[in-house]
1. So which trypsin sites (Lys or Arg not before Pro) in segment 19-85 pass both tests, a DSSP loop state and at most 12 other Cβ atoms within 10 Å of the Cβ?
2. So which chymotrypsin sites (Phe, Trp or Tyr not before Pro) in segment 145-253 end up in coil per DSSP with only 11 or fewer other C-beta atoms within 10 Å?
3. Would you please give the FRET efficiency between residue 227 and residue 124, computed as 1/(1 + (r/R0)^6) with r the Cβ-Cβ distance and R0 = 51 Å, to the nearest 0.05?
4. At q = 0.16, 0.19 Å⁻¹, what log₁₀ I(q)/I(0) does a Debye calculation on the Cα points of segment 140-208 give, no solvent, two decimals?
5. Two decimals, Cα atoms only, Kirkwood Rh: what is Rg/Rh over segment 175-276?
6. Using only the alpha carbons, work out the radius of gyration and Dmax of segment 95-214 in angstrom.
7. Could you work out the helix-only [θ] at 222 nm for the chain, with each DSSP H run of four or more residues adding -39,500 (n - 2.57) and the total divided by the number of residues, to the nearest 500 deg cm²/dmol?
8. Please work out the C-alpha center-to-center distance from segment 193-223 to segment 131-162 and express it in whole Å.
Amino acid sequence: MEALSGTEFLNYHHLRYFWTVAKEGSLRRASDKLKVSQPSMSTQIKLLEAALGEALFRPSGRSLALTEFGQLVFGYAEEIFTLGSEILRATKHAPGVRTLKLHVGIVDSFPKLMSYDILRPVFEHQPPVHLTCHEGKLLDLVSQVSTHRIDVVLSDEPVSPGLTGKVFNHLLETSEIGFCAMPSLARQLKGRFPRNLDGAPMLLPTQNCSLRRDLENWFRNAGIQPRVVAEFEDGALAKIAATSGLGIIALPGVVVSEAVERYGFVPVGRTKQVETRFYAITAERRFAHPAVIAITARRRKSKTSR
């Protein structure tokens, strides 16, 4: 098939037919919804496929399923027609009351207390911001940033240049590491920090996390060997396990006080020799979204006030 040339334009009527069929799962239901005959709709979608240069659907039993290319196009169509609906709604209200939208990707290893703290300015922003959070793996989320389906990704490690398109790492925060445990477990620890961690039950991040590697290097250099009880990709689940007294947990120092208040932990030690870094990853070198600008301004202000 011959794809669109630089002088051709996308037919949005064809795109709407495709989008509706994809959402409804069949030509029949889509034609009923749009009051357009099935043969006419099928012809229009074939014209769209010819213009784009690839098939959008494949047969799946009695219904239609999106091809991989179709899934990509559907994502863009979803944004286009959602924005179109927003435009219509906005024109029915007074100027300036349109709610901003912010799509934030949060890497699944990113501490939840930290992510909430970083996102606080979004809830206070004027005009109001409608926040949508997406959790997942770093590369999956960053690929959505590069295609502008997500505005910013919060990550505890930078993304390597060139892996997922042109994106930029912005350092938000650097924090030392604190160790916490429930009071019953903390009372059983022997010696002063960090010797009190030797042989103690520990809940650690999984091996694919940079913090895990940094912690293991620090343990080795300090001559201590904790007893690893469990490993977690999800930091929130690790905190739940820690509240049962199963082991000691390592947390960014900036959220230790909140973790103590919220979960009932007690601090058992802190080291500046292990640091965790938090990044905002965007498709722009300079922040453009007003809510992201507010987030970074708050981080700068909190760092200078410490």
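1. 35, 62
2. Qualifying residues, ordered by number: none.
3. That gives a FRET efficiency of 0.75.
4. Scattering profile of segment 140-208, log10 relative to I(0): -0.72, -0.83.
5. Result for segment 175-276 is an Rg/Rh of 0.91.
6. Taking only Cα atoms of segment 95-214, I get Rg and Dmax of 18.7, 65 Å.
7. -13500 deg cm²/dmol
8. Using only Cα atoms to place each centre, the spacing works out to 28 Å.
Readers should treat all values here as calculations from the given coordinates under stated rules, not as data from a laboratory. Here the structure is a predicted model, which is why all the values come from computation and not from measurement. Note: ideal-geometry Cβ built from the backbone for every residue, glycine included; neighbour counts use all protein chains shown.
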